[in-house]
Structure formats: structure tokens, C-alpha cells
Amino acid sequence: MVFDVRNFGIPRCPQFGHYKYNNATSGLKDHIHTDTLEICYFLKGVQRYTIGDQLLELTGNDMLIIAPNTAHSTGIYPEDKGELYWLQISTDHTLGALCHLPNTFSDLLVNELTRNTHKVFKGAFLMKSVLSKLEQEIQKTESLMREVRINQLIYQILMETITLSKNQEASPVSDRLQLIDGFIAEHMDRTIFVDELASLIGLSVPYFKEWFKKKQGVPPKEYMNRAKIERAKADLLRKSSVTRVAFDLGYSSSQYFATTFKKYMGITPKSYITSVQKEKTSYETLR
């Protein structure tokens, strides 16, 4: 769902949105938000953004602030399955005060947010709760109190975002996660069972599942599926056929592989090969 918050008496908030995709969809094309910054809170799944020469990856409970007038997209990646909230804030103070604050305070908030753009940091449970309340409030019957509550919730989101962006940096990869990644890479040609990964680092299966999702933002099985798809993207460009790639990655059939690939990439393996070849040809033509 996407809302133009200006219609609710909030002139400095062009857009507030929430999506929950069960399958990957077409990638986000390169675009900018004129004099507008964007706060993204990714609840679950995996999402990638290309900003300039940066490739940023968001997993569960990650946040990102995109600077105004900055081209960004999902690059060669689709909009992945998962759940995301976003809120846009205009930096143009001539549109009025932000959340009915004095201009000095409005500009201070915008400057603090802009100072912490283009780095991934961890969100908090409170953020999800406030964003959900904002979505509910926007859909209520129009009233002056609704406008007051919307302003209060947006102010709370901005303050919480500033605090989180300053206090947290992306967590380093732990030894346990490195061990798991190595095991998955080594056994990519077969089905890997969750109890194998749990045993690898000495945890019970129930605790391992809870721990892993908290660390990586997705359940272990989905993480392994994504790892295979990442390997498949490279293999498709160098191996003789889609069927060869499917069997080498332990899929029971090329059809099942193609279905899984499309679920995560939004296109079939053959379409992916074609799109990469076209992009390569276009690049070589421009050189």
C-alpha cells in the first residue's frame, strides 16, 4: 500500500508505503527523489540496493536512509520477497515546518538524517510498532485528531531513526556464520538439512532456527535456497545448459530449478541469461 501523506495535512511527507511480497517482482528502476530523503525499514527477506557504486544488502530488521537527489535502484536484482516500510521526507523547508516543529528543529532533524545516509544499520521492535500504527492511523476517518496523531508518529519515527543510525553499525560476520557459509558452499550439489547446520555449531535444531533467523533475517532453508540461486546466477553464464546447472546444484529437475529461480529473481533462468548478455552488449557498444 502507498499513501501520499500530503493529503493528510503533512506537506513535508510525499509518500509512506508498505509492501509484503510472497514472490520476487520486477526490479526497481533507477530513479531519484527530488529534494526528498527516504527511510527504508526492511522487516524480513533480503533486498539489494545500488546507490552510485555501492551495492547494499538489507536483511531482516535492517534500515537504510537514501539521500535526496540520489539515483538508486535494485540494479540487476528483483524486488525480492519480503516485507518493507518506507517513509519519504522533503528537505525543502519552504513547504512548511516538519511535524509542526519550529523551522530550526525541522532543519536539525533533516540534517541529522542526511548525515547518516547510505549505510545499513539495525532497526528495533519499537520502529515496527510505530510504522504499523502510522499505517493504521492513515486509514482512519478524517479528523483533526487523526492529523495530530500522524504528525506525532512521524516525529517518533524520525527521532528513533536518528538514534538507531548513530548508535549501531552493521554487525561483523561471526565465526559461526562463516562456518555455516563454508559448509553450504562445499555441499551445494545436494540437499542440506537444517539439523546438519545445527549440529555443525553445536546447537539444538529449535534454538538454531531461532538464532539463525535473528542473525540473518531469514530462516535457514530460505537462506540456503538464496545461496543456491546466487551460485546459479554465475553458473548459468558459464555452463552449457540450464539442465546442467540444475543438476549440479542438486535440484531434482530443471523445471523445479526454473520455478525456484523465478521465485527469487522474478525471471526464468533463460531470461536471466538473455538480460545479462544484452547488458554486456550494450556496455561494450558504449565503450
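The values are calculated or read from the model by the stated rules, or taken from the named source; none is laboratory data. All of these numbers come straight from a predicted model, not from anything done at the bench. Cβ sites come from the backbone with ideal geometry, for glycine too, and all protein chains shown count toward neighbours. In case anyone asks, the SASA skips ligands and DNA or RNA and just uses the protein heavy atoms, side chains included. Shrake-Rupley method; radii C 1.70, N 1.55, O 1.52, S 1.80 Å.
Condition check ((1) more than 20 Å from H33 (Cβ to Cβ); (2) surrounded by fewer than 18 Cβ atoms within 10 Å (Cβ to Cβ)) across all residues:
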site	(1), (2)
T74	no, no
E79	no, no
L87	no, no
T94	no, yes
H100	yes, yes
S106	no, no
Item to complete: Please list, ordered by first then second residue, the pairs with beta carbon atoms under 8 Å, 6 or more apart or interchain, first in the stretch 138-158 and closer than 22 Å to G123 by Cβ, second open to solvent by 90 Å² or more (accessible area, probe 1.4 Å) and among the basic types (K, R).
Response: L153/K133
Discussion item. Which pairs turn up if I take residues in the stretch 170-185 that are farther than 22 Å from A234 by Cα and look for partners that are surrounded by 11 or more Cβ atoms within 10 Å (Cβ to Cβ) and modelled with pLDDT of 85 or more with beta carbon separation below 6 Å, at least 6 apart in sequence or on another chain?
Written reply: A170/V120; R176/I201
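Just give me the residues in the stretch 46-66 being in contact with a strand residue (DSSP E or B) (Cβ under 7 Å, 6 or more places away or on another chain) and not β-branched (V, I, T), in sequence order.
Keep residues of the stretch 46-66 that are in contact with a strand residue (DSSP E or B) (Cβ under 7 Å, 6 or more places away or on another chain), which gives 46-51, 55-66.
The answer is Q47, R48, Y49, L55, L56, E57, L58, G60, N61, D62, M63, L64.
So, of the residues in the stretch 150-182 that are of a type in the set (A, V, I, L, M, F, W, C), part of a helix (DSSP H, G or I) and surrounded by fewer than 15 Cβ atoms within 10 Å (Cβ to Cβ), which turns out to be modelled with the lowest pLDDT? Working first, answer last.
Of the stretch 150-182, the ones of a type in the set (A, V, I, L, M, F, W, C) are 150, 153-154, 157-159, 162, 164, 170, 173, 177, 179-180.
Going one step further and asking which of them are part of a helix (DSSP H, G or I), we end up with 150, 153-154, 157-159, 162, 164, 177, 179-180.
Subsequent filtering for residues that are surrounded by fewer than 15 Cβ atoms within 10 Å (Cβ to Cβ) retains 159, 179.
On the way: M159: 94, L179: 87.
Here the answer is L179.
Report those strands (runs of 3 or more DSSP E) wholly inside the stretch 46-93 carrying at least 3 residues which are basic (K, R) and within 28 Å of T104 (Cα to Cα).
Details: elements: 54-59, 62-66, 82-90.
Once the strands (runs of 3 or more DSSP E) in the stretch 46-93 are filtered for at least 3 residues that are basic (K, R) and within 28 Å of T104 (Cα to Cα), nothing remains.
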Fill in: Members of the stretch 197-219 that are touching a Phe, Trp or Tyr at 6+ places or on another chain (Cβ under 9 Å) and either of a type in the set (V, I, T) or under 18 Å from R231 (Cβ atoms) (or both)
L197, I201, Q216, V218
Worksheet entry | Residues that are in contact with a Cys (Cβ under 7 Å, 6 or more places away or on another chain) and open to solvent by 60 Å² or more (accessible area, probe 1.4 Å), drawn from the stretch 1-23 | R6
